[in-house]
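Chemist: Sharing a structure here in structure tokens format.
The values are calculated or read from the model by the stated rules, or taken from the named source; none is laboratory data. Please read all numbers here as calculations on a predicted model, not as lab measurements. Cβ placement follows ideal geometry from the backbone for every residue including glycine, while neighbour counts extend to all protein chains displayed.
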Amino acid sequence: MSASTLTFIGGGNMARSLIAGLVRQGVPAASIHVAEPVAALREQLQADFAVNPHADAATAAAHGAVWVLAVKPQVLREVCASLAGLAQAQQPLVVSIAAGITSAQLTRWLGGHAAVVRAMPNTPALLGAGVTGLFATATVSDAQRALADTVLASAGRTVWIEEEARMDAVTAVSGSGPAYVFLLAEAMESAAIAQGLPADAARTLVVQTLLGASRMLDESDDAPAELRRRVTSPNGTTQAAIERFQADGFEAIVARAIEAATVRGQELSAAND
């Protein structure tokens, strides 16, 4: 990534995780500008990463050929409107990590023409272990697409989606997905304690089980169903648990939950139109 190209509009946790990853990869901190209205957060960004903090979006955006929009969806329209004139004059690559805001909305709010990439990272990005779904509009060049990939790959893996309508499903699966795992961990811990295990032992057993299972999924070429089959001995304890899950509609519950999150993403888009 060339120098003096990157501006973050918003300096919250996700922006910080991306900045940290970029700096780790050797992007000069002096080439990164961040717009953050909260003075204490600006000071922290400068202290932690030696980036260039700014109090307002326009001042920061003036420095960047790439803008990463990292503000809440509810305020994104107002932020884009304040940058529309500069966007038309400067023609930056615009990368948005706001859930439920479409590329058409972003393009319209930025003045009618913009090279837009939508991105949906998730919270493990804070550890450099995230995954990001990406969609590029037709106005995004191959070089800009590669640049967006570089920015988001600083926090983990990337997956490109060719149909923007599927970005709400990306949000439902991976953007919201860590919370599903935390809910499962919470339920497993509670159940373990109910079976008489000490709380500290229950936590260690659950955390390491989820961590180990995730590594097996990541490092194996086999499908989840095959990995599950190998663990499930006939008439054993695992089979008893799996049959209870399935009898209670586990797969259907997951499917309905992801559908609900997908629909909510669509609703957020409509609400901000």
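Chemist: Only helices (runs of 4 or more DSSP H) wholly contained in segment 1-113 count here; list those with 2 or more residues that are in the same structural domain as residue 128 (by TED's automatic domain parsing), in contact with a helix residue (DSSP H, G or I) (Cβ under 9 Å, 6 or more places away or on another chain) and not aliphatic (A, V, I, L, M).
Modeler: Ranges flagged: 13-24, 39-49, 73-90, 103-109.
Chemist: Tally up the residues in segment 114-151 that are crowded, with 21+ Cβ neighbours inside 10 Å, without any contact (Cβ under 8 Å) to a residue 60 or more places away in the chain, touching a Gly at 6+ places or on another chain (Cβ under 7 Å) and part of a loop (DSSP other than H, G, I, E, B), please.
Modeler: Of the residues in segment 114-151, 1 are crowded, with 21+ Cβ neighbours inside 10 Å, without any contact (Cβ under 8 Å) to a residue 60 or more places away in the chain, touching a Gly at 6+ places or on another chain (Cβ under 7 Å) and part of a loop (DSSP other than H, G, I, E, B).
Chemist: Checking the structure you have, find out if any residue of segment 193-203 is within 16 Å of residue 130 (Cα to Cα) and surrounded by 15 or more Cβ atoms within 10 Å (Cβ to Cβ). Reasoning before the result, please.
Modeler: Step one: list which residues in segment 193-203 are within 16 Å of residue 130 (Cα to Cα), which gives none.
The answer is no, given that none of the residues of segment 193-203 is within 16 Å of residue 130 (Cα to Cα) and surrounded by 15 or more Cβ atoms within 10 Å (Cβ to Cβ).
Chemist: Just one of 269, 214 is touching a Ser or Thr at 6+ places or on another chain (Cβ under 6 Å) and in a helix (DSSP H, G or I); which is it? Don't jump to the end; show me each part of the working.
Modeler: Numbers: 214 fails: touching a Ser or Thr at 6+ places or on another chain (Cβ under 6 Å).
Being touching a Ser or Thr at 6+ places or on another chain (Cβ under 6 Å) and in a helix (DSSP H, G or I) holds for just one of 269, 214, which is 269.
Chemist: What tally of residues in segment 111-133 results from selecting those that are closer than 21 Å to residue 71 by Cβ and touching a Ser or Thr at 6+ places or on another chain (Cβ under 6 Å)?
Modeler: Looking only at that region, the number is 11.
Chemist: Could I ask something else about it? Looking only at segment 169-185, decide whether some residue is over 30 Å from residue 101 (Cβ atoms) and out of contact with any Cys (no Cβ under 9 Å at 6 or more places or on another chain).
Modeler: So the first thing to find is which residues in segment 169-185 are over 30 Å from residue 101 (Cβ atoms), and the list is 185.
Then drop every residue that is not out of contact with any Cys (no Cβ under 9 Å at 6 or more places or on another chain), which leaves 185.
Checking segment 169-185: at least one residue is over 30 Å from residue 101 (Cβ atoms) and out of contact with any Cys (no Cβ under 9 Å at 6 or more places or on another chain).
Chemist: Restricting to segment 30-41, what's the tally of residues that are surrounded by 15 or more Cβ atoms within 10 Å (Cβ to Cβ) and either within 22 Å of the chain's Cα centre (by Cα) or free of Cβ contacts under 8 Å to residues at least 24 places away in the same chain (or both)?
Modeler: Looking only at segment 30-41, we keep the residues that are surrounded by 15 or more Cβ atoms within 10 Å (Cβ to Cβ), and these are 31-36, 41.
Now narrow it down to the ones that are either within 22 Å of the chain's Cα centre (by Cα) or free of Cβ contacts under 8 Å to residues at least 24 places away in the same chain (or both): 32-36, 41.
So the answer is 6.
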